[in-house]
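The values are calculated or read from the model by the stated rules, or taken from the named source; none is laboratory data. Since we're looking at a predicted model, the values are computed, not measured. For neighbour counting, all protein chains shown are included, and Cβ atoms are generated from backbone atoms with ideal geometry for every residue, glycine included. Heavy atoms of the whole protein, side chains included, go into the accessibility calculation; ligands, DNA and RNA do not. Shrake-Rupley method; radii C 1.70, N 1.55, O 1.52, S 1.80 Å.
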Amino acid sequence: MALSNEDLAEIGRMLADAGDDDLFPALRQRFPKLFFTRCDASDVGETPFISSAQFDVHLIDSADHCVQITADPVRATGIVLARRSVTS
């Protein structure tokens, strides 16, 4: 599933608006063809595609049978949400 600019903007809005408990079910419901996973930001060394207040967003490409991080929304088959430690 290629991600459009509108899809990416909507994901960004959802990250800004939803609480932790509501976020993943809402994303999976809105984008049922995408794979979503989450981890700690320290687990991902690549530069995020986009960032929100709490998450770095990395795009996953699994089209060639080998999962990798991509910067190409057209090749995206999923999203890694890497939660950052947020201090006040």
In this structure, does ASP43 turn out to be open to solvent by less than 40 Å² (accessible area, probe 1.4 Å) and either among the acidic types (Asp, Glu) or modelled with pLDDT of 95 or more (or both)? no
Filter the range 1-31 for residues that are open to solvent by 40 Å² or more (accessible area, probe 1.4 Å), more than 16 Å from ALA53 (Cβ to Cβ) and acidic (Asp, Glu) and give the result. GLU6, GLU10, ASP21
Has the range 75-84 got at least one residue that is touching a helix residue (DSSP H, G or I) at 6+ places or on another chain (Cβ under 7 Å), over 21 Å from GLY19 (Cα atoms) and not charged (D, E, K, R)? no
Of the conditions (1) free of Cβ contacts under 8 Å to residues at least 60 places away in the same chain; (2) out of contact with any Asp or Glu (no Cβ under 9 Å at 6 or more places or on another chain), the single one that VAL74 does not satisfy is (1)
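Within the range 50-88, track down each residue that is open to solvent by 70 Å² or more (accessible area, probe 1.4 Å) and of a type outside the set (S, T, N, Q).
Hits for the range 50-88 are ALA53, ASP64, HIS65, CYS66, VAL67, ALA71, VAL74, ARG75, ARG83, ARG84, VAL86.
With within 18 Å of SER85 (Cβ to Cβ) and not in a strand (DSSP E or B) as the only criterion, which of PRO48, PRO32 stands out?
PRO48
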